[in-house]
Structure formats: structure tokens, C-alpha cells
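Sharing a structure here in C-alpha cells format.
The values are calculated or read from the model by the stated rules, or taken from the named source; none is laboratory data. Since we're looking at a predicted model, the values are computed, not measured. Cβ coordinates were reconstructed from backbone atoms using ideal geometry, including for glycine residues, and neighbour counts include every protein chain displayed. Just so you know, the surface numbers come from the protein's heavy atoms only, side chains and all, with ligands and any DNA or RNA stripped out. Shrake-Rupley method; radii C 1.70, N 1.55, O 1.52, S 1.80 Å.
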Amino acid sequence: MSRFDASARTVLFAALLAALPAFAQSAEVKREVVGNRTSENIPEIPAALLEQLNRYQNTRGAGLAGWTKDGCLLISTRFAETAQAHRVCQPLGMREQLTFYPEPVAGMTPAPANAWRDGFVFAKDRGGDEFSQLYWFDEATRSTTLLTDGKRSQNGGTTLSRDGGLMAYSSTSRNGTDRDVWLRNTRSGETKLLVDAGGNWSPMDFSPDGSRLLVMKYVSAAESYPGVVDVATGKLELFPVDGGKASFGGFAFAPDGKAVYFISDEPLRGKPQEFQTLRYHDAASGTLEVLSSRIAWDIEGFTLADDGRHLAYVSNEDGISKLHVLSLPSHNEIRLPALPIGVIGGIAFSPDGKRLAFSLNSATSPSDVHVIDLAAATLARWTQSEVGGLAASTFVAPTLVRYPTFDKVDGKQRTIPAFYYKPSKPSKTGKYPVVINIHGGPEGQSQPTFSSNAQYLANELGVAMLVPNVRGSTGYGKTFLSLDNAAKREDSVKDIGALLDWIAKQPELDASRVGVIGGSYGGYMVLSSLMHYSDRIRAGVDVVGISHFGTFLKNTESYRRDLRRAEYGDERDPAMARVFEQISPLNHAGRITSPLFVAQGRNDPRVPWTEAEQIVKAVRGNGQPVWYLLYADEGHGFAKKGNSDWFGAATILFWQQHLLND
């Protein structure tokens, strides 16, 4: 054999060796396409598991949208594949379905009691792409009319004037990037651009006479700028912000149209404030009154009665909602009936102002709508959602625990709050396996709400669930909220490491069987936790998660990019880009050695599907047979029941195979 032939054979042999990992990878990927679902390496789900899960997956809830003019309640609930608009006219009355779409209906805004026509505005997108269009549902004719451009724009935040003649809303239709405020004359259909000052603007409330509109520019969870617009001229006047920078929540005109109510953490008399308080400000007299000063927690929202006699607001106290009602103009708190412990959703006064409706969710009961008679201080339940035929008495309620983390505050060890779902039955092995469930946001907050998944894990599999609120979560003050910003991103991951330490010290928990699951930013936390703690975490489920902050910011929809830069950092800054390279799981996929399940929606505008594709490919490069699920008709999460159910079953199978099996 010639020297050339031997050299060629050596090169060919080296090339074949180099190609072997690629061949092995392609050989191990088992793909199945069923309708809009593509799954890779996910085994067939046993019929027995699907049957057992069926009852847990057939729970449903009801959320409040508001009151109709005739005193009925407009609610959102699901009876088929997606949540639709329904009407209920008496306690535990029939739920009349009003909309019938394959896509979920959201953002329902009923016409005010004094409106010139009866019906409601709602939003609907396509396949979870979040380019929601606004529609009018007319009560008299039961017809639906498209109100926005019907193109690739995002529309929402509907606000109606007292007579229903004007409708303000946010839209990206001008340039696809900025959220402007638009104004629609509901009688003539004429639409005009009202605020185009750049950034993320939302309408808040019309003055009683409809001549002015309160608006808000949102920059981040810690920074917003309120203002008022003259509806006729479009002149925008920004309100001064004490301290130059603050967070604002709700903003509404007082009944007299002169003063305003709002939520903010602005400094008070030069003193910084950790929490958002409810405030009343009369600019003419200079009166500034803090209405929730005795509550050392965030105020989440408020609403005013149309008759101007009451204001209701909700405080978030260590993850639990507390409802308060004030009489106006005295601001004295009125007596309310005892309410179940839980998390309160929408709140709305009846057209006559005599009743207050709200939705309530608890760890052992899905969301349902309740109504308080204010004069009698009595409570009535208007919806009772199904729990799949399960015995609600067996549901597990979590306890709130606090575990020490790696740093100190004021010389004391910092603690992280977490909700702990502990199975009621003794463990067959003496210790409970654990699933850590991490919320998204990152400026979100986990609260003790109903989770059929947590109940199934506890009651059927004997698995405990821990739901932490790591640093960066809302609800615990502005300092805590800022602890994970920009270069401090991985400090929140260290909080998961501290939780693993805490688990190891609990005699009833099995530190050798810990799984982690999370969505969106929580998905990043899953990947990063596996990157740092694969030796202590058995398996992880990443749902629509970020795998590289640089590619995420490059590919997320343009209307979100600056909002996310305010939280995560700006990838155009070389120093920040270096941080992203250091902390992004994609660059350290070789350290992810635990089994991984990645699930994604193809139409996700927030975390593009490419984030999932690239981490799946990278981790498979380690020889890991990653499970991968992609839905072509979903976006940032799974809104369709069939899709959600199949993902839920696949997740349970994943835990059975990689968390519970030896």
C-alpha cells in the first residue's frame, strides 16, 4: 500500500470516528408526530396512567371578568378544550356559554352599567402567538365584531369610559415594538392614536366625564411612570415621581374626577418604602393619604364602585390574599364576612354598588366566584367548579416554610419562603421523594393555589412538592425583588442549592430523589440548577425555558425586548454579554448530566422555540436521551386541554422513570 493510501485510510478512519457521536445521537432520537404534537424520546404513555390521571386533569376553575348590566356575572371557565366566556345570573346558577372558539378567550371587559349598549370586549390570539385581537360581543344580537387591525399586532388592556362611548387600549400596531395607547369611538367606530411616546404604555382609567385618561408607562417591576392625557387634544402630562423612580400599580380617578387613587412604593416624606401601598391624592388641596399604612405587605389591586360609595382592595400577605373594603369618602374600613384562606383574583362591584364579586383560589379548591352583600356582610358562592369527581377532603394543603440561604441581611441569615406540599400518607420507603417547582417571571410569585399536579404527586405517588419564592420574586419588598438583577442572576440559583441543603436535613424527605420543574424563567432555573447541581438532582423538566440570555434577547418579540433588558441586562453591553456567556446553560450543557425533559410551544413570542431546540441538541451531545415535546398550536405554555393533559401525563411518566425508579 502506498504512503498516500495509508494516509487517506487514516483520515477516513478518523472521520468515521468523529461521526460516530452524531450517528449515535440520531439513532437514539425516536420521533413521533401526532397532529400538532411532535415528541422525541418520549415512551408510549400507559393506558393505566392516563386513566388514573383523568380525574385530576378534569378539574376546572372559574375566573371573574365583571358584572353585566342586568346584574349577572361574566366569568371565564372551560367546558371543552379552552376557556370561554360564560354568564351566571344567580348563586350556583347555570353557566351559560357565550363564546365558542378553538382558541381561549381572555381579557374580557364588560360594558359599564351606564353604557349605551350591552356586551363585552374580549381578546383572542391564534395558537398561543399572543398577537391578540380585540372583539366586541353584542348582548342584544349575540354577534361578534373585530375591533382591531386583525394583523400581527398585540392588543389589550381595554378600558371603557363610564358611558361606554370611548374605548382605550394598548397596541403594537404602529411599529410592532412600542405599545401605544389608542382610542376608539364605540358609536362611530373611529379610531385614533392617542399616546405614541415610545415604550410600553397602558390606559388605566377615564375621568367620570370622559375628557381625560390616566395612563402608565411600564419599564420594569421596579419602575413605572404615570400620567394623564387630554382625550380631545392628546396632550400628555406626566405626574412627578418622588425619588425620580418608583413602581406603580393601579391608578384611578376618585368619584369627583379631581383626586386619584393609586398604588405605589414612592418614598413618603423622603423615607424609602419597601412595599406598595394604596394612596389617595388630591392635587388641588395637596392631600396625600396612605390608606393601607398598617399593612406591611404589597397591595395588589383595587376597584371603585360606580356609585362612588366604596373602594375594595387586596393585600398580598406572605402569599395569602386579604380583602378590604373602604366606605367613601371617609375611607373607613367596613366589616366583611369571614373568607376562606386563599388567593383572590378579579374584584368587581355590582352595577348598583351593593355587592362585591371576586374569584377565590385555594390550595384545595380551584378558582370560583363569590359575592359579598355589603350591607348584610354575608357571603354567597356563585360558582362551584368540578374537581373531576375526586374527594376534595383528601387534597393536601401546603405549609409555609422558610429555609436559610447563603447570604445575610442585617447580620442575620437570609431566609427564602417556600410552600411545602407534604403527602398525608406515610412514605413506603420512609422518606418522600421531592419535586421543586420554580415559578417564572422572574418577577413572579408562587402562591398556595390549586394544583392538580401537586395533588396527584402527593396522593397517588407519595411525592412532596416544594414551591420556593427565590430572590427576585415579587411580594417581599423592593430590595428582595432586586437581588437577582443583571449580574446577580445566579444568586437565585444558589437559593435552590440552599433548598437542596434544607431538604437533606429534613428526616421525612429523600435528598437522593429530588426533581426540579419550572416554566419560562423557571425553565432557565431548572437548566441552571441542573448545570450546578446535577449530582444532587435526579431529573428536570424545562417548560418554555431560556437556555441562553443572549439568543433569547435577540429572538424574543421586539415589543418585549427592552422590558426584558431592564430585568436581565442588556446583551449589547460587552460586560453584560460576558456575564450571559458565563451563566447561560447552553454554554455549559456538558455539566447537565441528569435526565432532562424539555417542552415548548412553537408559537411562543416570549421565549422562542429555538431556545428549546438548542438546549435539547446540546445536552444530547452528552449522550443524554433528552425527552422533547413541541406543540405547533401553542405558545408560552399550553392553553388547550388535550395538549396540557398529554404533557401532564408525559411529565408524570418522566418522574416515574427518572425520579422514582432506582
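Could you please find all residues in the stretch 191-246 being hydroxyl-bearing (Ser, Thr, Tyr) and closer than 19 Å to Leu160 by Cβ?
Correct list: Thr191, Ser202, Ser207, Ser211.
Moving to a separate point now. Give the stretch 502-527 a look and list any residue that's in contact (Cβ under 8 Å) with a residue 40 or more places away in the chain, open to solvent by 20 Å² or more (accessible area, probe 1.4 Å) and part of a helix (DSSP H, G or I), or say none.
Of everything in the stretch 502-527, just one residue is in contact (Cβ under 8 Å) with a residue 40 or more places away in the chain, open to solvent by 20 Å² or more (accessible area, probe 1.4 Å) and part of a helix (DSSP H, G or I), namely Trp502.
Let me ask you something else. Condition test on Arg564, is it surrounded by fewer than 23 Cβ atoms within 10 Å (Cβ to Cβ), without any contact (Cβ under 8 Å) to a residue 24 or more places away in the chain and within 21 Å of Asp491 (Cα to Cα)? Spell out how you get there, then give the answer.
Working: surrounded by fewer than 23 Cβ atoms within 10 Å (Cβ to Cβ): yes; without any contact (Cβ under 8 Å) to a residue 24 or more places away in the chain: yes; within 21 Å of Asp491 (Cα to Cα): yes.
Considered against the rule, which asks whether it is surrounded by fewer than 23 Cβ atoms within 10 Å (Cβ to Cβ), without any contact (Cβ under 8 Å) to a residue 24 or more places away in the chain and within 21 Å of Asp491 (Cα to Cα), Arg564 comes out as yes.
When the stretch 592-604 is examined, which residues are found to be open to solvent by 10 Å² or more (accessible area, probe 1.4 Å) and either of a type in the set (Phe, Trp, Tyr) or touching a helix residue (DSSP H, G or I) at 6+ places or on another chain (Cβ under 7 Å) (or both)?
Selection gives Pro595, Arg602.
Just for the stretch 187-204: of the residues that are free of Cβ contacts under 8 Å to residues at least 40 places away in the same chain and within 13 Å of Tyr218 (Cβ to Cβ), which one is surrounded by the most Cβ atoms within 10 Å (Cβ to Cβ)?
Trp201
Turning to a different aspect of this structure: Read through the list (1) touching a residue at least 40 places away in the same chain (Cβ under 8 Å); (2) open to solvent by 10 Å² or more (accessible area, probe 1.4 Å); (3) assigned to a strand (DSSP E or B), then give the number of the only condition that Gly540 fails.
(2)
Still on this structure, I have one more. Tell me the residue from Arg184, Arg162 that is surrounded by 23 or more Cβ atoms within 10 Å (Cβ to Cβ), modelled with pLDDT of 95 or more and basic (Lys, Arg), please. Steps first, please.
On the way: Arg162 fails: surrounded by 23 or more Cβ atoms within 10 Å (Cβ to Cβ).
Answer to the check: Arg184.
May I ask you to say which residue of Ala246, Ala232 is in a loop (DSSP other than H, G, I, E, B), surrounded by fewer than 20 Cβ atoms within 10 Å (Cβ to Cβ) and among the aliphatic types (A, V, I, L, M)? Break it down stepwise before answering.
Details: Ala246 fails: surrounded by fewer than 20 Cβ atoms within 10 Å (Cβ to Cβ).
Checking each option against the conditions leaves just Ala232.
Can you name the residue in the stretch 29-52 that is open to solvent by less than 50 Å² (accessible area, probe 1.4 Å) and part of a loop (DSSP other than H, G, I, E, B) and, of all such residues, is nearest to Phe358 (Cα to Cα)? If you could, list the steps in order and put the result at the bottom.
Applying the first criterion (open to solvent by less than 50 Å² (accessible area, probe 1.4 Å)) to the stretch 29-52 yields 29, 37-43, 45, 49.
Restricting the remaining residues to those that are part of a loop (DSSP other than H, G, I, E, B) gives 29, 41-43, 45.
Values: Val29: 48, Asn41: 44, Ile42: 41, Pro43: 43, Ile45: 39 Å.
Restricting to residues being open to solvent by less than 50 Å² (accessible area, probe 1.4 Å) and part of a loop (DSSP other than H, G, I, E, B), the top hit is Ile45.
Residues that are over 18 Å from Ile496 (Cβ atoms), among the β-branched types (Val, Ile, Thr) and within 28 Å of the chain's Cα centre (by Cα): does the stretch 404-416 have at least one? Even if it seems obvious, please write down each step before you answer.
The initial filter retains those residues of the stretch 404-416 that are over 18 Å from Ile496 (Cβ atoms), namely 408-412.
Checking which are among the β-branched types (Val, Ile, Thr) leaves us with 409.
Filter once more, keeping what is within 28 Å of the chain's Cα centre (by Cα): none.
For the stretch 404-416, residues over 18 Å from Ile496 (Cβ atoms), among the β-branched types (Val, Ile, Thr) and within 28 Å of the chain's Cα centre (by Cα): absent.
Among the residues of the stretch 511-557, write down those that are among the acidic types (Asp, Glu) and under 18 Å from Pro595 (Cβ atoms).
Narrowing the stretch 511-557 to residues among the acidic types (Asp, Glu): 535, 542, 557.
Those that are among the acidic types (Asp, Glu) and under 18 Å from Pro595 (Cβ atoms): Asp535, Asp542.
What strands (runs of 3 or more DSSP E), lying completely within the stretch 296-361, carry at least 2 residues that are surrounded by fewer than 18 Cβ atoms within 10 Å (Cβ to Cβ)? Reasoning before the result, please.
Numbers: elements: 298-304, 310-317, 320-327, 343-349.
Filter on the stretch 296-361 gives 320-327.
Additional query: How many of the residues in the stretch 548-570 are at pLDDT 90 or above and either under 15 Å from Ile583 (Cα atoms) or among the aliphatic types (A, V, I, L, M) (or both)?
Looking only at that region, the number is 6.
Right, Tyr280: under 30 Å from Ser385 (Cβ atoms) and buried (at least 18 other Cβ atoms within 10 Å of the Cβ) or not? Please lay out each step first, then the result.
Working: under 30 Å from Ser385 (Cβ atoms): no; buried (at least 18 other Cβ atoms within 10 Å of the Cβ): yes.
Here the answer is no, as Tyr280 does not meet what is asked.
What single numbered condition from (1) part of a loop (DSSP other than H, G, I, E, B); (2) modelled with pLDDT of 95 or more fails to hold for Gly150?
Only one criterion in (1) part of a loop (DSSP other than H, G, I, E, B); (2) modelled with pLDDT of 95 or more is unmet by Gly150, namely (2).
On the given criteria, is Asn555 open to solvent by 50 Å² or more (accessible area, probe 1.4 Å) and closer than 30 Å to Ser224 by Cβ?
Considered against the rule, which asks whether it is open to solvent by 50 Å² or more (accessible area, probe 1.4 Å) and closer than 30 Å to Ser224 by Cβ, Asn555 comes out as yes.
Sort through Val619, Val626 and tell me the only one that's free of Cβ contacts under 8 Å to residues at least 40 places away in the same chain, over 19 Å from the mean Cα position of the chain (by Cα) and open to solvent by less than 20 Å² (accessible area, probe 1.4 Å). Step through it out loud before you land on a result.
Details: Val626 fails: free of Cβ contacts under 8 Å to residues at least 40 places away in the same chain.
So the residue among Val619, Val626 that is free of Cβ contacts under 8 Å to residues at least 40 places away in the same chain, over 19 Å from the mean Cα position of the chain (by Cα) and open to solvent by less than 20 Å² (accessible area, probe 1.4 Å) is Val619.
I'm trying to understand the selection: among the residues of the stretch 441-461, which are in a loop (DSSP other than H, G, I, E, B), open to solvent by 20 Å² or more (accessible area, probe 1.4 Å) and in contact with a strand residue (DSSP E or B) (Cβ under 7 Å, 6 or more places away or on another chain)?
Gln447, Thr449, Phe450
Still on this structure, I have one more. Got a number for residues in the stretch 145-174 being over 19 Å from Glu557 (Cα atoms), in contact (Cβ under 8 Å) with a residue 12 or more places away in the chain and not aliphatic (A, V, I, L, M)?
Within the stretch 145-174, the first condition is being over 19 Å from Glu557 (Cα atoms), and the residues that meet it are 145-148, 158-169.
Imposing the further condition that a residue be in contact (Cβ under 8 Å) with a residue 12 or more places away in the chain reduces the set to 146-148, 158-169.
Subset that is not aliphatic (A, V, I, L, M): 148, 158-159, 161-165, 169.
Going through the stretch 145-174 one residue at a time, the tally reaches 9.
Here are Ala589, Ala577: which of them is surrounded by fewer than 19 Cβ atoms within 10 Å (Cβ to Cβ), among the hydrophobic types (A, V, I, L, M, F, W, C) and free of Cβ contacts under 8 Å to residues at least 60 places away in the same chain? Can you show your working first?
Numbers: Ala589 fails: surrounded by fewer than 19 Cβ atoms within 10 Å (Cβ to Cβ).
Every option except Ala577 fails the conditions.
Scanning for something in a loop (DSSP other than H, G, I, E, B), among the hydrophobic types (A, V, I, L, M, F, W, C) and within 16 Å of Arg87 (Cα to Cα), does the stretch 130-142 turn up at least one residue?
Of the residues in the stretch 130-142, the ones in a loop (DSSP other than H, G, I, E, B) are 130-132, 139-142.
Subsequent filtering for residues that are among the hydrophobic types (A, V, I, L, M, F, W, C) retains 131, 140.
Cutting the leftovers down to within 16 Å of Arg87 (Cα to Cα) gives us 140.
Among the residues of the stretch 130-142, at least one is in a loop (DSSP other than H, G, I, E, B), among the hydrophobic types (A, V, I, L, M, F, W, C) and within 16 Å of Arg87 (Cα to Cα), which makes the answer yes.
Does the stretch 592-608 hold any residues that are in a loop (DSSP other than H, G, I, E, B) and either out of contact with any Gly (no Cβ under 9 Å at 6 or more places or on another chain) or over 18 Å from Glu130 (Cα atoms) (or both), and which are they? Spell out how you get there, then give the answer.
Here is the first cut: in the stretch 592-608, the ones in a loop (DSSP other than H, G, I, E, B) are 592-595, 602-608.
Hits for the stretch 592-608 are Ile592, Thr593, Ser594, Pro595, Pro608.
Also, I was wondering about something else. Taking only the stretch 586-608 into account, find how many residues are closer than 17 Å to Val526 by Cβ and touching a strand residue (DSSP E or B) at 6+ places or on another chain (Cβ under 9 Å).
12
Now for a separate question. Would you say Asp633 is surrounded by fewer than 24 Cβ atoms within 10 Å (Cβ to Cβ), acidic (Asp, Glu) and in a loop (DSSP other than H, G, I, E, B)? Please lay out each step first, then the result.
Details: surrounded by fewer than 24 Cβ atoms within 10 Å (Cβ to Cβ): yes; acidic (Asp, Glu): yes; in a loop (DSSP other than H, G, I, E, B): yes.
Yes: the conditions hold for Asp633.
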